[in-house]
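Okay, so here's the structure we're looking at.
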Amino acid sequence: MNRRWLVVGGLVLVAVLALVVGPWAYGTWFAHDDAPAASVSTSGVQPGVGELGGRWRVDAGAAPNATSAGYTVHEVLNGASVTVVGSTDQVDGHATVDGRVLTEAAVTVQVGSVTTDNARRDGQFAGNVMSTDRYPTASFTLDAPVDLTALPTDGTAVTVPATGTLELRGVRRPVAVDLDVLHSGRSLIASGSVPVTWTDFGVRAPSFAFVSVDDSGTVDFLVHLVRD
């Protein structure tokens, strides 16, 4: 009898340790913050060639300024606090510059292609969170001209404010973003992170027994533009 209770007690102890120590061990040894979302880099840039004026289109580009878009959010997964960054290179768009003024720009992202390092998270994101079967794309459209007069031609980046309309899950809302812009060689490169409260776009942040996601984050993008 005593031996049987010892075995049962041992099993209970193991179960309790798994519940208590498991999340701690995950957070201590396995969980880690993702690398930050891509942003304009001046590594290996060249002086800008040609005038800014004209029509531009989104191109894949090359690292470290390759085109990408996605999101950044904080979550608690299995007791571990981590920053999650999802991204995709499935981005299209165009821009028009008149003289040194950005007069028009639009970027479209294939939301279902956004991935992280966790396939289960990505499945939830594409399905229950973003409903990509009904809303396959997200977009940003510039609403007001952006003055690029201060943009140097020596490959130095400049930050300029911009306003536009962000569409997520079929909901369109006005947003403001600081654009980091770079004229390198024959390319025009811009990046930004738009602060977002998910519920403003009808997006419900997941909250389950094993995961809790903040109700706000950022929508991130880096676009590498070439002459159209």
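The values are calculated or read from the model by the stated rules, or taken from the named source; none is laboratory data. Please read these numbers as outputs of a predicted model, since none were measured by experiment. All Cβ positions, even for glycine, are placed from backbone atoms using ideal geometry, and neighbour counts span all protein chains on display.
Filter region 160-181 for residues that are in contact with a Gly (Cβ under 8 Å, 6 or more places away or on another chain) and of a type in the set (Asp, Glu); which is nearest to residue 58 (Cα to Cα)?
The selected residue is 180.
Could you tell me whether any residue of region 191-211 is in the same structural domain as residue 141 (by TED's automatic domain parsing), closer than 20 Å to residue 92 by Cα and buried (at least 22 other Cβ atoms within 10 Å of the Cβ)? Working first, answer last.
Of region 191-211, the ones in the same structural domain as residue 141 (by TED's automatic domain parsing) are 191-211.
In the following step, the residues that additionally are closer than 20 Å to residue 92 by Cα were identified as 191-194.
Filter once more, keeping what is buried (at least 22 other Cβ atoms within 10 Å of the Cβ): 191-192.
There is at least one residue in region 191-211 that is in the same structural domain as residue 141 (by TED's automatic domain parsing), closer than 20 Å to residue 92 by Cα and buried (at least 22 other Cβ atoms within 10 Å of the Cβ).
If you check residue 72 against the conditions, is it of a type outside the set (A, V, I, L, M), in contact with a His (Cβ under 7 Å, 6 or more places away or on another chain) and modelled with pLDDT of 95 or more?
It is false that residue 72 is of a type outside the set (A, V, I, L, M), in contact with a His (Cβ under 7 Å, 6 or more places away or on another chain) and modelled with pLDDT of 95 or more.
What's the total number of residues in region 119-132 that are loosely packed, with under 15 Cβ neighbours inside 10 Å and touching a residue at least 12 places away in the same chain (Cβ under 8 Å)? Show your work before the answer.
First pass over region 119-132, keeping only residues loosely packed, with under 15 Cβ neighbours inside 10 Å: 119-120, 123, 127-128.
If we keep only those that are touching a residue at least 12 places away in the same chain (Cβ under 8 Å) as well, we get 128.
Total meeting the criteria: 1.
Quick check, is residue 97 in a strand (DSSP E or B) and modelled with pLDDT under 95? Can you show your working first?
Working: in a strand (DSSP E or B): yes; modelled with pLDDT under 95: no.
Against the criterion (in a strand (DSSP E or B) and modelled with pLDDT under 95), residue 97 does not qualify.
Would you call residue 112 modelled with pLDDT under 95, surrounded by 14 or more Cβ atoms within 10 Å (Cβ to Cβ) and not in a loop (DSSP other than H, G, I, E, B)? Don't jump to the end; show me each part of the working.
Working: modelled with pLDDT under 95: no; surrounded by 14 or more Cβ atoms within 10 Å (Cβ to Cβ): yes; not in a loop (DSSP other than H, G, I, E, B): yes.
So residue 112 fails the test.
Can you tell me which residue among 150, 138 is surrounded by fewer than 15 Cβ atoms within 10 Å (Cβ to Cβ) and not polar (S, T, N, Q)? Before you say what the answer is, go through the steps one by one.
Working: 138 fails: surrounded by fewer than 15 Cβ atoms within 10 Å (Cβ to Cβ).
On inspection, the qualifying residue turns out to be 150.
Can you say whether residue 103 is within 30 Å of residue 143 (Cβ to Cβ), surrounded by fewer than 16 Cβ atoms within 10 Å (Cβ to Cβ) and not hydrophobic (A, V, I, L, M, F, W, C), as far as the supplied structure shows? I'd like the intermediate steps shown before the answer.
Numbers: within 30 Å of residue 143 (Cβ to Cβ): yes; surrounded by fewer than 16 Cβ atoms within 10 Å (Cβ to Cβ): yes; not hydrophobic (A, V, I, L, M, F, W, C): yes.
Judged against the criteria, residue 103 is a match.
Among the listed residues 217, 170, which satisfies the condition of being under 17 Å from residue 114 (Cβ atoms), in contact with a helix residue (DSSP H, G or I) (Cβ under 9 Å, 6 or more places away or on another chain) and surrounded by 21 or more Cβ atoms within 10 Å (Cβ to Cβ)?
Numbers: 170 fails: surrounded by 21 or more Cβ atoms within 10 Å (Cβ to Cβ).
After ruling out the rest, the residue left standing is 217.
Please specify each residue of region 217-228 satisfying the condition of being modelled with pLDDT of 95 or more, of a type outside the set (Phe, Trp, Tyr) and over 21 Å from residue 127 (Cβ atoms).
At the first step, the residues of region 217-228 found to be modelled with pLDDT of 95 or more are 217-227.
Still in the running and of a type outside the set (Phe, Trp, Tyr): 217-220, 222-227.
Matches in region 217-228: 218, 220, 222, 223, 224, 225, 226, 227.
Before we move on, is residue 82 more than 26 Å from residue 53 (Cβ to Cβ), in contact with a His (Cβ under 9 Å, 6 or more places away or on another chain), outside any loop (DSSP other than H, G, I, E, B) and among the hydrophobic types (A, V, I, L, M, F, W, C)?
Yes; evaluated as a whole, the condition is true for this residue.
Quick check on this structure: which one of 93, 99 is in contact (Cβ under 8 Å) with a residue 40 or more places away in the chain, of a type in the set (Gly, Ala, Ser) and within 17 Å of residue 61 (Cβ to Cβ)? Quick ask: steps written out before the conclusion?
Working: 99 fails: within 17 Å of residue 61 (Cβ to Cβ).
Unique residue meeting the criteria: 93.
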